[in-house]
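Everything below concerns the one structure shown next.
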């Protein structure tokens, strides 16, 4: 149970601190400054070093010699070489050996589940937050252990609860991932500017036009949501950073969709087990004085809904957890030990060594090659049956697939749909690799040359950038969590219940945020280097939002009323993951 609690605590953490939460402070202080290790793949069964393949090594050597010290150009060279007709047999071999693995079931898999991210070693600030969220979840699920007459009583949790919690959290992560992008987008232009657009969108939270029940920010969020696939394709253009961020979002959402698909299968299996074994009970055994004792389910203390357990307010994130204070302390320590004076031993964990850089670049290149092989596999789809297999793996129904084909105006409808899918995958690949390369560069110190300052000075310069990122993190995360919780309260999802279609919205998370947010008096995350400007969203806007909600007649429906209103696979496919 301890492992499950830790995993769920980390899931709550990912909801609060998404990978794309603040692209203008790439790397940040939430452990990215301490990146070591290598890229981790979602599906370990796909692990295997393509770079170590003998034929592949010839291409790697060719590109390495022509592009020394230029990672992006080196990776592009490899992609160009792999695209040459002369290397078609090599691509087929790599696909068979490293993606299909000789497994009949694996051969039917098309989804690029090998999405990677930099593995992070938690900083003291992140550990504070992780401990807080894990304890909060643990207390809610189990309560305090009480002793009476030398006997223990402990609240127990059916294992299916963990899967339901995970499903609820994944669903909320979907919405938060969209918010992490749309908070940075001005939809009226459209444009992508993490500074000015954030200010504009936060201010729009409190503006509700007369006669309407939703703030202007929600309308902008919905418009942004609908255009994410177009932004990823580059039309309309948001610039390189905006396009890459949009593609990262679609890529991340695909991974979440796979998780929901797998959870659905697990849920069905549990229902089957329970129906076949009605007397099955989930119990915990502990050992005391050498004797085993059994503890059955208890219902002590206040109960909490899944919505309560998976909602983190901005005040919890920044203040109650101790994250904001810990980050401030870490920033001061970095200034004293690494900027004002430089201590190699105390500061080395913030930067990449040459060995780190080599390993990370190899891992990023490995990932790039895998992605290209997966794209080539999708591009080989020539018939409707194989295309249906791919789209069904994404969770699409036969009706959706048929509609997609019918909407194509091309003479070869299959080739047209496959072409759109391939282009989107290429965009996602380019975005992910660009983001990974950027993270590597953010902690890489250039080698000193005869014309450059000494190495120590170069490191101090890089560490100054790290410190600035640290100082920006609390405000960035506070803005994201607050914005997302408010927007979630207006997000309407259509469900069919007992044969009837109903529109639902989760107002409870919004009102929890309004009651416990970091913008109220005395709660703003402080930073002497970043005083709030007169245009910043704050307590005045908050009061205006509350007043407008009251005028619009919007109330807290309660946690239980929102327990089943999470975004599911069909919502993802319909609203976001379209092939344009």
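Can you sort 479, 330 so the residue with the fewest Cβ neighbours within 10 Å comes first? It would help to have the intermediate numbers written out before the result.
Values: 479 24, 330 19.
Starting with the residue having the fewest Cβ neighbours, the order is 330, 479.
Once each part is reduced to its C-alpha centroid, what is the distance from region 321-362 to region 187-227 in angstrom?
36 Å
Sort 409, 492 so that the residue with the fewest other Cβ atoms within 10 Å of its own Cβ comes first and the one with the most comes last. List each step's numbers first, then the result.
On the way: 409 7, 492 12.
Arranged by neighbour count, lowest to highest, 409, 492 become 409, 492.
For an R0 of 60 angstrom, estimate the FRET efficiency from the Cβ-Cβ distance between residue 80 and residue 546 and round to the nearest 0.05.
0.60
Please report 60, 312 as a ranked list, fewest other C-beta atoms within 10 angstrom at the top and most at the bottom.
Details: 60 21, 312 28.
If I rank by nearby Cβ atoms, fewest first, I get 60, 312.
Once label points are set 7 Å from the Cα along Cα→Cβ at both residue 383 and residue 88, what is their separation, rounded to one decimal in nm?
A separation of 1.9 nm, rounded to one decimal place.
Just so you know, all these numbers are worked out from the coordinates, no wet-lab data involved. In this text, all values refer to a predicted model and were calculated from it rather than measured experimentally. Using ideal geometry, Cβ is built from the backbone for each residue, glycine included, and neighbour counts are taken over all protein chains shown.
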